[in-house]
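The values are calculated or read from the model by the stated rules, or taken from the named source; none is laboratory data. Given the structure is predicted, the values throughout are model-derived calculations rather than measurements. Glycine also receives a Cβ, built like all others from the backbone with ideal geometry; neighbour counts cover every protein chain displayed.
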Amino acid sequence: MLIVAAVLIAYLPAINNGFIADDYVILHRVDLIKEDPLYLFSVVPENFRFTTYVVFGALRGLFAYDARPFYLFNLLLHAVNCLLLCRIVLEITNNSAIAVAGSVFFAVFQAPQEAVMWLAAMNETLCAFFLFVTVLLWFRGRYFLTSLTFLAALFSKETAVLFVVLLPVMEWLRARRSPVAAYLALAIPAAIFASVFLWTFSRNFQVGQGTYALGTHAVVVFLKSLHRLLWPWGYVAAVIVWRRAKERIPLNARVFAALIPITMLPYVFVTYTNNIPSRQLYLASAIFVMLFAAALWSLPSSRWRRLLTVAFVGFNIFYMWAVKDAQMVKRAAPTTQLREELAKHSPATVRIRGFEYPFGGIANSVALTLPGWRWEDVDLAESCGDCLLLDWDRSALKYHVTVNR
């Protein structure tokens, strides 16, 4: 209950933020998938986000275009992930204090907030869910079920393939080995994933458009992203570990810490920014908060533990409410205001100037959520003859409307 409450308190402001940018594209693609079940293979790598489309389709069928149940689902999914993480760490460390404290820290940690506060980034929380379930099933020797959940993880986000590297490390930390033959349970879904990945690689728009590319810029991205993840709590933990280095720390910090760069590795080759987007730090954050909890519980003073725990939880919740939520509301404004403005008018020819998301048919997808509007009704153009002209005012976060006749 503590962990679930921490998630709800930290992320409660997100509930009324509305759909943001790519959320509308996913909602539109749900209809395209109904018409053509293989549609996602034409927009690779969206075929590796299949579970996100299943969730969006189910929630839209139940709640139409009310974004609040979507956010509530993702918040609760994050809460479940925190509970699963708690169980995993308890299995590895046999230390309930670290497991519970670390999970509470993960519940409120702002570094991966985009994965919870942006619905289109739900692939991160879904991928983590299936990976965490896979770990627990593996620890219990349920190898057939691990094949199914690992396959679901791979088709939630392709970076789930890192699990084949993470699992042996976790088994080493747990000091129990599974039979070598058990790894065949992972080989089958991994082979399916590899076949699909190679088959669709030439159509992967993230590679084709240069969103990700090999290069030395990856070093800068990694170092900056690692600093953003660790600041300031990682440095506090480092000081604690250094001061307590002569005594036993209740977690093998060096080995566990090595998992952080491993989970960041697929993202360091991003080219459109000089740091990894927060949503892609979800798994790295889960590992980091456990290291932070382990560092705190190595302190002999319970007063210092309580003080640092309150500081961590309080700061992150405050930062989520005061800073991150406002950022997400601002990101949602161009599409939220567009939908509200279009709803005031009968379907007509519309031109939009200054739209902040001029790619992927986002504006068109917004129009499709309203009765009677068609894809071709909306276009991003400087002017028009007989049309409704919308000028986006970024400073005022609203559209100025001109009706041309």
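Of all residues in the range 271-329, count the ones that are under 21 Å from residue 14 (Cα atoms), buried (at least 21 other Cβ atoms within 10 Å of the Cβ) and of a type in the set (Phe, Trp, Tyr).
The total comes to 2.
Just checking: which of the helices (runs of 4 or more DSSP H) contained wholly in the range 38-135 hold 1 or more residues that are under 17 Å from residue 284 (Cβ atoms)?
Of the helices (runs of 4 or more DSSP H) lying wholly inside the range 38-135, those with at least 1 residues that are under 17 Å from residue 284 (Cβ atoms) span 67-93, 96-108, 114-117.
Out of 58, 21, 64, report the one residue that is more than 16 Å from the chain's Cα centre (by Cα), in the same structural domain as residue 112 (by TED's automatic domain parsing) and at positive phi.
64
Quick one: would you say residue 95 is of a type in the set (S, T, N, Q), in contact (Cβ under 8 Å) with a residue 40 or more places away in the chain and surrounded by fewer than 22 Cβ atoms within 10 Å (Cβ to Cβ)?
In short, yes.
Return the residues of the range 196-229 that are assigned to a loop (DSSP other than H, G, I, E, B) and touching a residue at least 24 places away in the same chain (Cβ under 8 Å); say none if nothing qualifies.
Result: 204, 210, 211, 213, 214, 215.
With within 26 Å of residue 297 (Cα to Cα), buried (at least 24 other Cβ atoms within 10 Å of the Cβ) and assigned by TED's automatic domain parsing to the domain that holds residue 179 as the only criterion, which of 104, 80, 89, 116 stands out?
89
Check 192, 188 and return the single one that is surrounded by fewer than 16 Cβ atoms within 10 Å (Cβ to Cβ), in contact with a Ser or Thr (Cβ under 6 Å, 6 or more places away or on another chain) and part of a helix (DSSP H, G or I).
188
State which residue is modelled with the lowest pLDDT when the search covers only the range 382-405 and only residues that are farther than 13 Å from residue 355 by Cα and surrounded by 11 or more Cβ atoms within 10 Å (Cβ to Cβ).
That would be 404.
Looking at (1) closer than 15 Å to residue 155 by Cα; (2) in contact with a Pro (Cβ under 6 Å, 6 or more places away or on another chain), can you tell me which one residue 44 breaks?
Condition not satisfied by residue 44: (2).
Kindly evaluate residue 155 against the criterion of being of a type in the set (Phe, Trp, Tyr) and buried (at least 24 other Cβ atoms within 10 Å of the Cβ).
So residue 155 fits the description; yes.
Would you please list the contacts, defined by Cβ atoms under 6 Å and residues six or more apart or on different chains, that run from a residue in the range 375-387 that is part of a strand (DSSP E or B) to a residue that is of a type in the set (Val, Ile, Thr)?
378/350; 387/349
Conditions tested, residue by residue: (1) in contact with a helix residue (DSSP H, G or I) (Cβ under 9 Å, 6 or more places away or on another chain); (2) at pLDDT 95 or above; (3) closer than 25 Å to residue 314 by Cα; (4) of a type in the set (Asp, Glu).
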residue: 82; (1), (2), (3), (4): yes, yes, yes, no
residue: 99; (1), (2), (3), (4): yes, no, yes, no
residue: 103; (1), (2), (3), (4): yes, yes, yes, no
residue: 108; (1), (2), (3), (4): yes, yes, yes, no
residue: 117; (1), (2), (3), (4): yes, yes, yes, no
residue: 143; (1), (2), (3), (4): yes, no, no, no
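Being under 30 Å from residue 379 (Cβ atoms), surrounded by 17 or more Cβ atoms within 10 Å (Cβ to Cβ) and free of Cβ contacts under 8 Å to residues at least 40 places away in the same chain is true for just one of 363, 333. Which residue is that?
363
How about the range 336-356: which of its residues are surrounded by 15 or more Cβ atoms within 10 Å (Cβ to Cβ), of a type in the set (Ser, Thr, Tyr) and over 30 Å from the mean Cα position of the chain (by Cα)?
Within the range 336-356, 349 is the sole residue that qualifies.
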